[in-house]
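The values are calculated or read from the model by the stated rules, or taken from the named source; none is laboratory data. Source: prediction; values computed, not measured. Cβ coordinates were reconstructed from backbone atoms using ideal geometry, including for glycine residues, and neighbour counts include every protein chain displayed. What goes into the accessible areas is simple: the full protein's heavy atoms, side chains included, and nothing from ligands, DNA or RNA. Shrake-Rupley method; radii C 1.70, N 1.55, O 1.52, S 1.80 Å.
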Amino acid sequence: MKHTSALIVGAGSGLSASLARLMLKDGMQVALAARSPQKLREFSDATGARTFECDAAQAYDVGKLFDDLDAARLTPDVVVYNPGYRVRGPLINLDPVEVEKTLAITAFGGFLVAQQAVRRMLPKGEGALLFTGASASVKGYAQSAPFAMGKFALRGLAQSLARELGPQGIHVAHFVIDGGIRSVRRPPDPAKPDATLDPDAIAETYMQVLRQPRNAWSLEVELRPWVEKF
């Protein structure tokens, strides 16, 4: 199918911005949803992407987001779930409130967003849901139990939805980002230029998966620097 409208939830200046630029270049309308959309104002002004305020872990916010998109004629046929939140530390020291927040943003929000999106995709018999995972989607690290719990849950959601919705024309794919993504806070090391992932390169892979014919869909893709241990 020719995708015309995309929503990126959990948008920021890294991978989300790279994806938005490629989607806009491909002729899509792009909506960016974030808890603090004012941080996206400069990007929005420069690209024409629309911004919306949404806490993805809150059912009311997610429902309102999709209602607002419908009203603006931006109902998405592509949805990318990309929020990030984590709390780290020894098990006995973890704050249960922070653990609950990590699970809510990392996984439960993915369910809420997918539910609203799929309600709109099913009548058309087409659409795509793309979930951003991490190393923690497939292996739990010491002192990072909450993030692993959330990412394992998000991966399970993606696998279940792929089996349920694929036969109904909706492409569901999960991306395991196994390594650090370059950013202002994590600039490339001149001594190890390939030790981190370029967000533009990751975005290219998302777009390649999005363009796949349905007789050869990928349901999960792992991306890592060639020097990354796994």
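I'd like to know how the range 89-230 sits against the 2.2 N^0.38 Å rule of thumb: what's its Cα Rg over that expected value?
My calculation over the Cα atoms of the range 89-230 gives 1.15.
Counting just the Cα atoms, what span does the range 13-150 cover along each of its three principal axes? Round to the nearest Å and put the largest first.
48, 34, 26
If R₀ is 35 angstrom, what is the calculated FRET efficiency for the pair GLU222 and ASP67, using the beta carbon separation as r and rounding to 0.05?
Rounded to the nearest 0.05, the efficiency is 0.50.
Under a point-charge model restricted to the Cβ atoms of Lys and Arg (+1) and Asp and Glu (-1), what is the dipole moment magnitude of the range 149-230 relative to its Cα centre, in debye to the nearest 20?
The calculated dipole for the range 149-230 is roughly 180 debye.
Amide H of VAL172 versus every other amide H placed in the peptide plane: which residues, excluding those fewer than 5 positions away on the same chain, fall under 5 Å?
Those lying under 5 Å, H to H, from VAL172 are LEU129.
Under a point-charge model restricted to the Cβ atoms of Lys and Arg (+1) and Asp and Glu (-1), what is the dipole moment magnitude of the range 6-100 relative to its Cα centre, in debye to the nearest 20?
Approximately 360 debye in magnitude.
Checking the cross-link filter: which lysines have an alpha carbon closer than 30 Å to that of LYS139, excluding same-chain neighbours under 8 positions apart?
Reachable lysines: LYS101, LYS151, LYS192, LYS229.
Looking at the chain as a GNM with Cα springs under 10 Å, which of PRO37, PRO199, PRO213 has the largest mean-square fluctuation?
The residue that fluctuates most here is PRO213.
Is there a quick way to get the dipole size of the range 5-223? I mean about its Cα centre, with the Cβ of Lys and Arg at +1 and of Asp and Glu at -1; what is the value in debye to the nearest 20?
60 debye
What number, rounded to the nearest 500 deg cm²/dmol, is the helix-based mean residue ellipticity at 222 nm of the chain, given -39500 (n - 2.57) per DSSP H run of at least four residues and division by all its residues?
After summing the helix terms and dividing by residue count, I get -11500 deg cm²/dmol.
R0 = 25 Å: FRET efficiency of ARG211 with ASP189, Cβ-based, nearest 0.05?
Efficiency, rounded to the nearest 0.05: 0.15.
Solvent-accessible area of SER144, probe 1.4 Å, all protein chains present, reported in Å² to the nearest ten, please.
0 Å²
Among DSSP bridges having both ends in the range 5-223, what percentage is antiparallel? Round to the nearest 5.
The antiparallel fraction comes to roughly 5 percent.
For THR102, what accessible surface area do you get with a 1.4 Å probe? Give it in Å², rounded to 10.
0 Å²
Kindly sort TRP217, TRP226 by accessible area of their heavy atoms, largest first, with the probe set to 1.4 Å.
Greatest to least solvent exposure: TRP226, TRP217.
Measure out, as a whole number of angstrom, how far apart the alpha-carbon centroids of the range 1-79 and the range 136-206 sit.
19 Å
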